[in-house]
Each structure stands twice: as C-alpha cells, then as structure tokens.
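S.K.: The structure that follows is given in the form of structure tokens.
The values are calculated or read from the model by the stated rules, or taken from the named source; none is laboratory data. Please read all numbers here as calculations on a predicted model, not as lab measurements. With ideal geometry, Cβ positions are generated from the backbone for all residues, glycine too; neighbour counts draw on all protein chains shown.
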Amino acid sequence: MAKNHINNYENYLQPFEIACVREVIEQNQRFLLSTHIHPDGDAIGSELCLYHLLKSMNKQVFILNHSPVPELYRFLDPDDLIKVFEEQKHVDILDQVEVCFLLDIGDWERLDSVGKAISRLRRRSPGKPQTVCIDHHPSEKQIADFDITYPQASSTGEILFLLQKAFSVPFNLQSASALYTAILTDTGSFRFSNTTVNSHLIAGRFIALGVNHKDIYQQVYEKEPFAKIKLLAELLNNLHFECDQKVVWYVISKEMLQRYQLEPDEIEGVSDFPRRIDGVQVSVLFTEIDPSATKISLRSTGKVPINGFAQTFGGGGHPYASGAVVEKPVRQAIEQVISLLRTYYYQN
Ligand SMILES: [Mn+2]
C-alpha cells in the first residue's frame with residue numbers, strides 16, 4: 001500500500017514480548033518503577049503511564065528514582081507519585097518488590113542508588129526481584145532479565161503506548177498527557193530525526209483523547225527560568241568553531257551553573273541552539289562534572305553520525321545525539337576531544 005495511505009500506527013512489539021510482560025504483571029503483585037539519573041520528559045512520562053496501567057490492573061506500584069522530578073515536569077505528577085529513593089526510608093518497599101520495571105535506560109549505572117539497591121537484593125536472592133527494561137536507546141548489552149528495546153521508537157513513551165494498547169487498557173487523561181509529553185520532549189517537539197510517522201500518529205491519538213497539547217507545550221517550553229536564558233546568552237557569546245565552521249563547541253563550567261544558580265537538569269535544551277547556525281554540522285557541549293570529569297554532549301545535523309565518536313570515549317547514544325564522560329579536567333578534555341574530532345570529522 002502506498003505510504004500516503006497510512007492511517008494507523010505500526011505496532012512493532014512482538015507477540016511474545018506482550019505475552020511476557022502480561023505474564024509478569026499477572027503473576028506478581030508489587031512493582032517498582034525507576035529510570036535514569038536526571039530524568040527527562042520521556043523518563044517521567046513513561047513512569048507515570050506505566051504506574052496508571054499497573055494500578056488499573058489492581059497492582060501495588062512504587063516509583064523510586066535517584067534524582068528528583070525536574071521542576072519542569074512536576075505538572076505531570078500532581079499527586080507526587082514519584083519519590084526520591086532513600087535507602088533507609090524505602091528498605092521495606094524494596095524488600096517486598098517482586099518486579100522492577102526500568103524505563104528509558106540502556107545502562108544499569110544510570111539507575112545510580114536505585115540500581116545499587118536492586119543489585120544488592122539480587123545478590124542476596126538471585127533473580128529476585130525480576131527486572132524488565134523498556135527502552136529505545138541503541139544498546140548492545142542486556143541490562144535486565146527481560147529487555148524490550150526498540151531504537152526505532154521515538155521514545156520509551158511510544159513503546160508504552162503500544163504495550164498499553166496491546167493490553168486493551170484505556171488511557172486516562174493523566175497517562176495520555178504523560179506519554180504525549182514523553183514523545184514531545186524526546187523528539188524535540190517533533191523536530192529531531194527520531195520523529196516518525198508513528199510518533200505523529202500516536203501523538204495524534206493522544207490529542208484525540210483530549211490531551212491539551214497547547215498547555216503542555218507552554219508548561220515544557222515557555223516556563224524557562226530566566227537564569228537559563230541568561231546562561232544561554234553567555235554561551236552563545238562564547239562559541240568556538242573548528243573544521244571550517246562546521247563544528248561548534250562550547251563549555252558549561254560548574255562556576256557558571258553556580259553563578260546562575262542552576263541545577264544540571266535545568267539546562268536541558270541549551271544544546272539545541274548552537275547547531276541551528278547555518279553550516280554547522282556537529283555541536284559539542286563540554287559540561288564540567290567535577291575537577292577531574294567532563295561530560296561531552298554531541299549533536300549532529302545528520303550529515304555526520306557521531307555515536308561512533310562518543311563510543312571512543314566509552315559513551316554512546318543515537319547517531320545524531322550522543323554523549324560520553326571523559327575522565328579529565330575540562331581544559332584537557334577539550335584539547336583531546338577536539339583534536340580527535342577534527343580527524344574523525346574529515347574521515348566521516
Ligand atoms: Mn527517551
């Protein structure tokens with residue numbers, strides 16, 4: 001059939017995956033949901049949707065994350081369902097949990113304290129609690145007992161939509177809004193290369209269900225802290241160019257975050273701007289983590305895939321959005337990364 005007649009989303013989930021998740025849910029009573037440190041809209045939205053799905057199946061559900069919900073996404077969780085994990089406070093919950101759903105995560109380390117606690121339990125009694133990972137990051141390694149990973153999905157939220165549809169459980173307005181936000185933010189408002197027919201069709205379903213897309217857009221994109229915009233102004237005044245102006249790089253130091261009183265999770269999206277410059281193909285943001293570690297965030301406009309480059313530093317991600325941590329002070333990290341990137345750029 002011609003592509004211009006597409007009128008329904010594609011469900012790429014395998015029947016055995018749906019059956020397996022169904023069985024895990026039916027055979028257990030207590031569930032823990034968690035996601036990566038510094039959660040984004042996809043992480044938070046996916047957790048909330050799965051929470052409502054499990055609740056509708058009369059399950060006990062806890063959401064415990066290493067990091068708090070960023071201010072920006074608090075509107076999705078008016079009942080404060082998502083808690084910051086505290087070992088002492090949550091030890092009883094963890095002891096009773098039978099299944100952990102790990103969402104939007106392809107690397108166990110990024111669960112941080114929650115992952116460490118789960119690992120400890122599983123060392124004590126192997127295989128308990130069971131783990132199920134649902135994610136869309138391209139990853140070679142399996143992280144859970146059962147991994148459902150679809151790199152072609154725009155977001156983890158998209159996969160959860162397909163799963164809930166397969167279970168024939170209707171969406172309430174809260175879970176529909178949560179998943180709409182997941183897809184909206186992970187596709188950069190339907191602009192990034194992971195935006196597909198499917199992501200649009202699914203987002204459309206949510207709007208048909210009554211999701212207030214205008215309201216969500218305002219919540220997510222038009223409530224920026226003024227300090228973030230000022231930081232952005234400073235960044236844009238301090239861009240550095242390489243490779244015939246095709247590569248742009250810039251730095252966010254700890255001192256800058258302190259000066260503007262911003263948390264690392266409050267500066268999401270600033271890397272969008274430098275790559276908008278005409279002619280720029282690759283942008284690199286260096287973020288100082290501590291005096292001996294620097295995070296690099298790479299974005300590509302599509303001509304040069306950069307996940308291979310991130311992998312040389314032990315990182316990874318998507319072809320056009322990836323990152324790594326370089327165990328070096330920021331000045332040394334810049335020197336090494338930029339000199340290697342020059343070679344990489346001309347070879348790719
Ligand atoms: Mn995601």
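S.K.: Residues in the stretch 12-31 that are exposed (fewer than 14 other Cβ atoms within 10 Å of the Cβ) and closer than 25 Å to Thr196 by Cα: how many?
M.R.: Final tally of qualifying residues: 4.
S.K.: Contact list please: Cβ distance under 6 Å, first residue in the stretch 147-162 and surrounded by 21 or more Cβ atoms within 10 Å (Cβ to Cβ), second residue assigned to a loop (DSSP other than H, G, I, E, B) and among the aromatic types (Phe, Trp, Tyr), pairs at least six apart or on different chains.
M.R.: Every condition considered, the pairs that remain are Ile159/Tyr150.
S.K.: Test Tyr51 against the stated conditions and say whether it is away from the ligand (no atom under 16 Å from the Cβ), under 30 Å from Ile267 (Cβ atoms) and not in a loop (DSSP other than H, G, I, E, B).
M.R.: Yes: the conditions hold for Tyr51.
S.K.: Among the residues of the stretch 90-105, is there at least one that is part of a loop (DSSP other than H, G, I, E, B), within 30 Å of Tyr320 (Cβ to Cβ) and touching a residue at least 12 places away in the same chain (Cβ under 8 Å)?
M.R.: Within the stretch 90-105, one or more residues are part of a loop (DSSP other than H, G, I, E, B), within 30 Å of Tyr320 (Cβ to Cβ) and touching a residue at least 12 places away in the same chain (Cβ under 8 Å).
S.K.: Tell me, which residue of the stretch 124-136 that is among the charged types (D, E, K, R) and away from the ligand (no atom under 13 Å from the Cβ) is surrounded by the most Cβ atoms within 10 Å (Cβ to Cβ)?
M.R.: Lys128
S.K.: Do you know which residues across the stretch 241-256 are over 23 Å from the mean Cα position of the chain (by Cα) and over 12 Å from Val337 (Cβ atoms)?
M.R.: Answer for the stretch 241-256, where residues must be over 23 Å from the mean Cα position of the chain (by Cα) and over 12 Å from Val337 (Cβ atoms): Phe241, Cys243, Asp244, Gln245, Lys246, Val248, Glu255, Met256.
S.K.: Could you tell me whether any residue of the stretch 8-24 is within 16 Å of the ligand (Cβ to nearest atom) and modelled with pLDDT of 95 or more?
M.R.: no
S.K.: Leu121 - would you say it is closer than 13 Å to Tyr12 by Cβ, modelled with pLDDT of 95 or more and away from the ligand (no atom under 11 Å from the Cβ)?
M.R.: Numbers: closer than 13 Å to Tyr12 by Cβ: no; modelled with pLDDT of 95 or more: yes; away from the ligand (no atom under 11 Å from the Cβ): yes.
Here the answer is no, as Leu121 does not meet what is asked.
S.K.: Being in contact with a Leu (Cβ under 9 Å, 6 or more places away or on another chain), more than 17 Å from Ala43 (Cβ to Cβ) and within 16 Å of the ligand (Cβ to nearest atom) is true for just one of Leu179, Leu162, Leu173. Which residue is that?
M.R.: Only one candidate qualifies: Leu162.
S.K.: For residues in the stretch 32-89 being polar (S, T, N, Q) and exposed (fewer than 15 other Cβ atoms within 10 Å of the Cβ), which is nearest to Asp135 (Cα to Cα)? Working first, answer last.
M.R.: Step one: list which residues in the stretch 32-89 are polar (S, T, N, Q), which gives 34-35, 46, 56, 58, 60, 65, 67, 88.
If we keep only those that are exposed (fewer than 15 other Cβ atoms within 10 Å of the Cβ) too, we end up with 58, 88.
Numbers: Asn58: 24, Gln88: 29 Å.
Among those residues, the one meeting the criterion is Asn58.
S.K.: Do we find a residue being within 16 Å of the ligand (Cβ to nearest atom), in a helix (DSSP H, G or I), of a type in the set (A, V, I, L, M, F, W, C) and assigned by TED's automatic domain parsing to the domain that holds Ile18 anywhere in the stretch 137-158?
M.R.: No - not one qualifying residue is present in the stretch 137-158.
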